[in-house]
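Step one of this worksheet: look at the structure below.
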Amino acid sequence: YEPTWSSLDARPLPAWFDEAKFGVFIHWGVFSVPSFGSEWFWWYWQKEKRQPYVKFMDTNYPPGFSYEDFGPLFTAEFFDPNQWADILKASGAKYVVLTSKHHEGFTLWGSKYSWNWNAVDVGPKRDLVAELATSVRNRTDLHFGLYHSLFEWFNPLFLEDATNAFKTRKFPTSKSLPELYEIVTKYQPEIIWSDGDGDAPDTYWNSTGFLAWLYNDSPVRDTVVTNDRWGAGSICAHGGFYTCSDRYSPGHLLPRKWENCMTIDRSSWGYRRDARLRDYLAIEDLLKQLAETVSCGGNLLMNIGPTHDGRIAVVFEERLRQVGAWLKVNGDAIYGTKPWRAQNDTVTSGVWYTFSPKEGKVSAIFLNWPVSGILELGEPRAKLGETQVKLAGYKELLKWVALGEKGMVIALPQLTPQQMPCQWGWTLQLTDVN
């Protein structure tokens with residue numbers, strides 16, 4: 001691959017990524033210490049001087065307390081990478097993406113290029129990236145990925161380059177690029193999830209040069225996937241898969257593989273001590289996002305924010321385990337599927353379709369169980385004596401009637417709550433429906 005977008009964009013996406021469908025994002029860093037408002041705490045407090053952040057600091061910390069003073073308080077004493085790996089496995093996710101470095105510049109590994117502002121020198125005194133990578137690889141079949149922020153809000157070298165309208169390149173050459181080469185060589189992540197271009201073009205970051213090395217010569221050249229955040233103007237235009245924006249959910253097919261990165265906490269990616277229960281998406285919301293995203297050809301990357309002491313909060317663990325329990329019953333409608341000719345049903349709302357090419361079966365994921373016990377589908381073309389309908393997790397075949405050229409009416413079984421194959425969202429498996 002040449003270091004040009006035309007060459008890099010032509011690289012076929014490794015097949016595992018499209019087959020995986022579901023991953024977990026983990027936002028963890030020094031911002032987990034104040035754990036107030038947002039993972040953008042430093043920026044909102046120091047740069048934008050937003051009132052709630054300023055007041056929070058004035059009320060709870062001594063005068064002159066700096067953001068750097070939070071570093072030693074990022075302690076991770078309860079961080080058990082094996083426990084994290086077990087929760088990730090139980091979620092049914094097929095990949096995980098950890099923030100190796102957010103816009104604050106603090107690296108979760110002992111980077112040579114981030115002296116005294118990393119997790120080995122300050123705070124936990126542990127290589128958190130290495131520990132999680134090892135546990136995930138030893139205990140699960142998840143692909144291990146790393147998020148990395150290109151820019152850093154308050155790095156003097158970046159600010160100097162920005163003042164020079166990015167004509168100088170001190171920051172990327174001495175900090176950002178060396179870190180990228182370092183994490184790839186050291187941890188061999190199968191996803192590089194880039195972010196935070198600081199309004200600088202990809203030429204400033206030498207993104208195409210790095211990606212050419214990644215695809216040609218790096219230890220992960222055959223399996224690695226990358227996103228589209230490699231400089232101003234590259235989002236939704238260049239890179240391996242498209243993210244387009246946070247919480248991106250187009251509701252229709254895209255010509256290129258895409259990912260919906262979203263958060264269980266509606267308003268923050270990092271952990272918030274001030275979050276209320278209503279701020280967290282319910283399992284019904286999450287399954288709706290999963291069904292809609294996968295039916296439109298996307299992957300869902302669902303974010304959690306651990307605490308400064310290294311715990312995955314119980315509410316996040318519960319949501320992940322709920323998704324995993326659902327996938328145990330309905331996973332055939334998600335993993336390894338392709339978009340069908342129709343993404344959602346035209347007659348009944350809240351029905352999303354996927355297609356399994358190997359078995360030649362169509363899955364109809366329906367989010368509401370009809371009161372009548374009768375489900376009408378407008379899209380499938382059923383054939384008498386050939387088409388079969390099953391409810392995932394239920395043994396008997398279901399009775400159905402065709403509605404002319406297109407569409408069918410299906411009689412759902414009468415089940416008590418205890419007999420239901422799952423509690424929220426169900427899958428009909430249709431074979432021989434054109």
Open item on the list: Checking the condition of a type in the set (Ser, Thr, Tyr), buried (at least 21 other Cβ atoms within 10 Å of the Cβ) and over 25 Å from residue 6 (Cα atoms), which residue from 185, 107 passes?
Closed with: 107
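Residues checked against (1) part of a loop (DSSP other than H, G, I, E, B); (2) touching a residue at least 60 places away in the same chain (Cβ under 8 Å); (3) in the same structural domain as residue 252 (by the TED database); (4) not acidic (Asp, Glu):
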position	(1), (2), (3), (4)
352	no, yes, no, yes
363	no, yes, no, yes
393	yes, yes, no, yes
406	yes, no, no, yes
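Rundown of residues vs (1) assigned by the TED database to the domain that holds residue 313; (2) under 19 Å from residue 194 (Cα atoms); (3) modelled with pLDDT under 95; (4) not hydroxyl-bearing (Ser, Thr, Tyr), yes/no style:
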{"site": "11", "(1), (2), (3), (4)": "yes, yes, no, yes"}
{"site": "14", "(1), (2), (3), (4)": "yes, yes, no, yes"}
{"site": "29", "(1), (2), (3), (4)": "yes, yes, no, yes"}
{"site": "37", "(1), (2), (3), (4)": "yes, no, no, yes"}
{"site": "44", "(1), (2), (3), (4)": "yes, no, no, no"}
Open item on the list: Only one of 37, 64, 92 is open to solvent by 60 Å² or more (accessible area, probe 1.4 Å) and on the phi > 0 side of the Ramachandran plot. Can you tell me which?
Closed with: 64
- [ ] Report whether or not residue 385 is touching a Phe, Trp or Tyr at 6+ places or on another chain (Cβ under 9 Å) and at positive phi.
- [x] no
TODO: Could you check residue 171 against (1) in a helix (DSSP H, G or I); (2) surrounded by fewer than 23 Cβ atoms within 10 Å (Cβ to Cβ) and say which number it fails?
DONE: (2)
Open item on the list: Exactly one of these conditions fails for residue 313: (1) surrounded by fewer than 23 Cβ atoms within 10 Å (Cβ to Cβ); (2) more than 20 Å from residue 41 (Cα to Cα); (3) out of contact with any Cys (no Cβ under 7 Å at 6 or more places or on another chain). Give me its number.
Closed with: (2)
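Say we look at segment 265-300 and pick out the residues that are open to solvent by less than 30 Å² (accessible area, probe 1.4 Å) and part of a loop (DSSP other than H, G, I, E, B); which of these is farthest from residue 351 (Cα to Cα)? Walk me through it before giving the result.
In the first step, residues of segment 265-300 are kept if they are open to solvent by less than 30 Å² (accessible area, probe 1.4 Å); the result is 265, 268-270, 272, 275, 280-281, 283, 286-287, 290-291, 293-300.
The next check asks that each one be part of a loop (DSSP other than H, G, I, E, B); those that pass are 268-270, 272, 275, 281, 296-297.
Numbers: 268: 29, 269: 29, 270: 32, 272: 34, 275: 32, 281: 20, 296: 12, 297: 15 Å.
Filtering segment 265-300 for residues that are open to solvent by less than 30 Å² (accessible area, probe 1.4 Å) and part of a loop (DSSP other than H, G, I, E, B), the one farthest from residue 351 (Cα to Cα) comes out as 272.
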- [ ] Just name the residue that is most open to solvent (accessible area, probe 1.4 Å) out of those in segment 245-264 that are at negative phi and touching a helix residue (DSSP H, G or I) at 6+ places or on another chain (Cβ under 8 Å).
- [x] 249
- [ ] Would you mind telling me which numbered condition in (1) crowded, with 16+ Cβ neighbours inside 10 Å; (2) closer than 26 Å to residue 24 by Cβ; (3) of a type in the set (Asp, Glu) residue 141 fails?
- [x] (1)
- [ ] Collect the residues in segment 79-124 that are among the basic types (Lys, Arg) and either more than 21 Å from residue 312 (Cα to Cα) or outside the structural domain of residue 156 (by the TED database) (or both), keeping them in residue-number order.
- [x] 112
Open item on the list: What pairs come out if I take residues in segment 159-170 that are among the hydrophobic types (A, V, I, L, M, F, W, C) and pair them with residues that are surrounded by 15 or more Cβ atoms within 10 Å (Cβ to Cβ) whose C-beta lies under 6 Å away, six or more apart or interchain?
Closed with: 166/200; 166/204
TODO: Look through 261, 244 and report the one residue that is of a type in the set (A, V, I, L, M, F, W, C), part of a loop (DSSP other than H, G, I, E, B) and assigned by the TED database to the domain that holds residue 181.
DONE: 244
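So how many residues does segment 69-78 have that are closer than 25 Å to residue 316 by Cα and either of a type in the set (D, E, K, R) or in a loop (DSSP other than H, G, I, E, B) (or both)?
So the answer is 5.
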Open item on the list: Within segment 404-420, does at least one residue satisfy the condition of being open to solvent by less than 50 Å² (accessible area, probe 1.4 Å), in contact with a Ser or Thr (Cβ under 7 Å, 6 or more places away or on another chain) and at pLDDT 95 or above?
Closed with: no
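The values are calculated or read from the model by the stated rules, or taken from the named source; none is laboratory data. These numbers were taken from a predicted model, which means no experiment stands behind them. When we count neighbours, we look across all protein chains shown, and the Cβ atoms used for this are built from the backbone with ideal geometry, even at glycine. For the accessible areas, the whole protein counts, side chains as well, though only heavy atoms, and no ligand, DNA or RNA atoms are used. Shrake-Rupley method; radii C 1.70, N 1.55, O 1.52, S 1.80 Å.
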